[in-house]
Amino acid sequence: MPAAPPDIPADFSALTPERHVALAVSGGSDSTALMRLAADWARTNHPGLVLSVLTVDHGLRPAAAAEARQVGQWATALGLGHQVLRWTEDPKPATGLQARAREARYGLMAQWCQAQGATALLTAHTLDDQAETVLMRLARTTSPDSLAGIRPAGGWQGLPLLRPLLGVKRQALRDWLASLGQPWIDDPSNEDPRFERVRARRSLAAMGPETTARLAALAEAAARATDLLARTARKWLAFSLQEHEAGICHIAAGDFRDLPAALQERILAIVIAHYGGGQGAVDADELRRIARWACSGEGPVRCTLGGALLGRRKTGFWVTREAGRIAASPQRVPGDGKLLWDNRFLVEAVPGSTVAPVAARKLPPLAGVPVYAQRAGPWVEPPPGAPPARIRFLRLNTQR
């Protein structure tokens, strides 16, 4: 198998400690190149590494099943195992089809990896994909987080995602495949102008290769800026955040007000993500609004964002969980006696104990802790005669 030429800067170094990883291969030029490059790298650098090729048949085109079989033949010729995963949802969504298909595709592959012991999934995102992503996001936002585009490493449902071709141009991969006599499959949906990415791809082609390189460079610069902001924000929180076991934190107004706006917003994003129960990313415009609210002393004394409840005082503001966003149905402590409740509290109790929000139950007041924070805490009901539960609030990790 010919080695990759030096103008293909594929980076498989993250696979060195792995024993079994999966490759997402549709049969297009990018993923076919990924499969051959990974097989070549493993043969030379990591002979013990198991590579499994996964192809998802979305059931959207009649030719998809035959294409998946073709990928299987190419994988077999390289000595790799191949598995076809089928998206069986029926009927398919009438709107947002590409986004829903992407979620289904990654969900199926993550489930397979977790079931088969594959510890990472490799995808074939290229420098061109990066530029397209940044161009699409520029139309909607100026947030550095968003403009950082696709990261070399990410995750899906707890499974690490690795993108070793992110610095490689698509045409370089195609030229290399052609030199090997390796065909690939062209998906007709990649030419359908109804899809935003197709329109972005055509715009980039009209702008010239320099624009693609500049947009990819912008993504890299934005990624460095957001990483620096995140590290600075966590260092500031390590020294300035005051946390209470009841599941509430306090931030002093003076210290916070003196920070640059971008750092204020990053701090809020980290705090809200944790105290909101891990509800997901918060819109950048909303973070700006909350930062202004926290510093101005104007508007309501309480507000909500991302599953968190924030309250303002003269000396600063506090953040806790929005009780109304917590599922009211009780959870049962499993056989090992430990339950992570609402992504915030570790409950250790006799198996079979039930855990639900405190909600309207009356608790003795705690100094400096508003009733809203108490309502958002866990209430444990152990079986009769069982010892009391141990409840520990998981403080924000400032070291990541």
| For residue 179 and residue 99 in one chain, what is 0.36 nm times their gap in residues minus the Cα-Cα distance, to one decimal in nm? | 25.4 nm
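Calculated FRET efficiency, residue 240 and residue 157, Cβ-Cβ r, R0 41 Å, to nearest 0.05?
Working: r = 33 Å, r/R0 = 0.81.
The pair residue 240/residue 157 has a calculated efficiency of 0.80.
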| In debye to the nearest 20, how big a dipole does the stretch 1-149 give about its Cα centre with +1 on each Lys and Arg Cβ and -1 on each Asp and Glu Cβ? | 340
| field | Rounded Å value of the spacing that divides the Cα centres of the stretch 276-300 and the stretch 309-347 | value | 19
| query | When DSSP assigns beta bridges and you keep just the ones with both residues in the chain, what percent turn out antiparallel, to the nearest 5? | reply | 70
| query | Convex hull over the Cα atoms of the chain, averaged projected area in nm²? | reply | 23.9
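Can you tell me the dipole magnitude for the chain around its Cα centre, using point charges on the Cβ only (Lys, Arg +1; Asp, Glu -1), in Debye to the nearest 20? If you can, show how the numbers build up before the last one.
Details: 48 positive and 37 negative charges, 244 e Å.
So the magnitude is around 1180 debye.
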| Area accessible to solvent at residue 303, 1.4 Å probe radius, in Å² | 20
| note | Residue span residue 213 to residue 283: 0.36 nm per residue of separation minus Cα-Cα distance leaves a gain in nm of 22.4 nm
| Length gain on complete extension for the stretch residue 314 to residue 11, per 0.36 nm per residue less the alpha carbon to alpha carbon distance? | 103.9 nm
| field | Inter-site label distance for residue 381 and residue 220 at 7 Å from Cα along Cβ, in nm | value | 5.9
| remark: Which of 207, 109, 136 fluctuates most in a GNM of the chain (C-alpha springs under 10 Å)? That residue is 207
| query | By how many degrees, 0 to 90 and rounded to 10, does the Cα axis of helix 209-240 deviate from the longest principal axis of the chain? | reply | 20
| task | In whole angstrom, note down how far apart the Cα centers of the stretch 358-400 and the stretch 115-154 are. | result | 38
| request: Treat each spin label as a single point 7 Å out from the Cα along the C-beta direction, and report the residue 296 to residue 194 distance in nm. | output: 4.3
| task | State to the nearest 20 debye the size of the charge dipole of the stretch 318-400 about its Cα centre, where the only charges are +1 on K and R beta carbons and -1 on D and E beta carbons. | result | 220
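The values are calculated or read from the model by the stated rules, or taken from the named source; none is laboratory data. Only a predicted model underlies this, so the values are computations on that prediction, with no experimental measurement involved. Cβ sites come from the backbone with ideal geometry, for glycine too, and all protein chains shown count toward neighbours. Note: areas computed on protein heavy atoms with side chains; ligands, DNA, RNA excluded. Shrake-Rupley method; radii C 1.70, N 1.55, O 1.52, S 1.80 Å.
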